[in-house]
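Each value in this text was obtained by applying a stated rule to the coordinates, not by laboratory testing. Everything numeric in this text was worked out from a predicted model, so none of it was measured. In this analysis, Cβ positions are derived from the backbone assuming ideal geometry, glycine residues included, and neighbour counts consider all displayed protein chains.
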Amino acid sequence: MRRKNVKTEATKSASTLLLGMLLLAGCGGGSGGSAAPTATMTSAATSTATVVATSAPTSTSTPVPPATATTKVTATPVDTVTAAPTAFETATPVDTVTATATSADTPTATATATATPTDTPTPTQTPTGVLPIAAAVARDANGVALHLNETITTEGVVTVSANVFANNKLKVFMQDGPDGIMVYHQSSADVDVFLHAGDRLRATGVVIQKDPTSDANPANGTVAINLTGQQPPTVLSSGNPLPTPRAVDLATLEATGNDYTGSLVQIANLKKVAGNWPAAGSKSTQVTVSDDGGTTTAILRFQKNTITQVMADKLTAIGDGTFGLVAIVVQDDPSSDGTLLSGYELWVRGADDIQPSP
């Protein structure tokens, strides 16, 4: 549009100049009047050519290269393609899974180790027709045996040999797991097997509760199976390991003694607080002991056959010092309140059951 206007204006100027020259020539007359128009025409033509040649390239060359578009297209794919795979590949290998699995394995091993510690003896599976000792010695809330006066068959491992607690009577204890029962016969001469600690024994008899110290004492107490008038007991095997004694203190024994009667226990830090240690050859002797300075006490009994010279020497060495003890719990002479929930004693089997404290 601009090119057209320039050309038109130049042509229009040339025409006006030519017309003016002709008019002057016509008006002036004379010779030489024809030369002027010729020169003027030449000049007009030259002017027109110059204007057109000069203007055309200037207006045409202005709007040309879209360099911006090229730069934009090149930058966009480079940034997008390069960044995406790099970020994705870096995030792919996750080490968190491995760390989690490792830490999960650690508590499993620890839990297994923590669940193991227990000194409670495990009961042996009882054959059909044989009443477990735990059931045979079960009691009601007043301490009376649930199977009192019933004939039962039960079995367990003998924890004290036949001639330790009596000479002419059978007074042994046997245990299955943590539970124990006294095995009694009024005449050991009628028992044709000599029972040793470690024998596994099966016995049939009547459930009784008695004072294990003396048949003359009418008091009830320790649950026992009476073999008098029954078939002799059967030794199933010998040399069995004895049950592990349960650790207990005198306060617990005083409160829940029925749970321990007839079984082996272990008590630490005992001291004699009343009575005298027996000398070798003495008759049955008892002393009073305590593990808390005299607040809680119990009877510690030495049957005649346990008071050997070795025992007497060990007791003399202990004197008024502290000692540890393994013993069988019996119930002897409960209180007169009408219940069988007291009167617990500790019976020693021999010199190995008492050890001076370090």
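Please tell me the relative contact order of region 133-237 in percent, rounded to the nearest whole number, where contacts are Cα pairs under 8 Å and at least six residues apart. Write out the running numbers ahead of the final one.
On the way: 236 pairs, mean separation 29.1, N = 105.
Relative contact order comes out at 28 percent.
When the pairs K171/K314; K283/K314; K171/K304 are compared against a 23 Å limit on Cα-Cα distance, K171/K314 fall above it. So in region 246-356, what percent of DSSP beta bridges are antiparallel if you round to the nearest 5? Here the antiparallel bridges make up roughly 80 percent for region 246-356. Label 7 Å along Cα→Cβ of T308; region 154-170 residues with amide nitrogen under 16 Å? Output list for this probe position: 160-166. Length gained on full extension, N167 to A247, computed as 0.36 nm times the residue gap minus the Cα-Cα distance: 25.8 nm.
Label positions at D292 and A317, each projected 7 Å from the Cα along the C-beta direction, are separated by 3.1 nm. Sorting the segments 220-228, 134-142 by their residues' average number of neighbouring beta-carbon atoms within 10 angstrom, most packed first, yields 220-228, 134-142.
Between rounded, prolate and oblate, where does region 220-358 land on the alpha carbon gyration tensor, with a ≥ b ≥ c its root eigenvalues, rounded for a/c under 1.5, else prolate if a/b exceeds b/c? Since a/c reaches 1.5 but b/c is at least a/b, the shape of region 220-358 is classed as oblate. Charge tally around K314: other residues with Cβ under 12 Å, Lys/Arg +1 each, Asp/Glu -1 each, net -3. For E254 and T128, the difference between the fully extended length at 0.36 nm per residue and the C-alpha to C-alpha distance is 41.8 nm.
In terms of the Cα gyration tensor, with a ≥ b ≥ c the square roots of its eigenvalues, is region 181-251 rounded because a/c is under 1.5, prolate because a/b exceeds b/c, or oblate?
oblate
Annotation: peptides 321-333, 235-247, 154-166, 290-302, ranked by per-residue average of other Cβ atoms within 10 Å with the highest first, follow the order 154-166, 321-333, 290-302, 235-247. For region 246-356, the relative contact order comes to 30 percent (Cα pairs under 8 Å, sequence separation of at least 6). For region 133-237, dividing the convex hull volume of the Cα atoms by the residue count gives 93 Å³ per residue.
Taking 17 Å as the cut-off, the amide N atoms of region 331-355 that come nearer than this to a point 7 Å along the Cα-to-beta-carbon line of D140 belong to 337-342. Per-residue extension of 0.36 nm, minus the Cα-Cα distance of N269 and L236, leaves a gain of 8.1 nm for this segment. For D215 and N276, a Förster radius of 35 Å and the Cβ-Cβ distance give a FRET efficiency of 0.85, rounded to the nearest 0.05.
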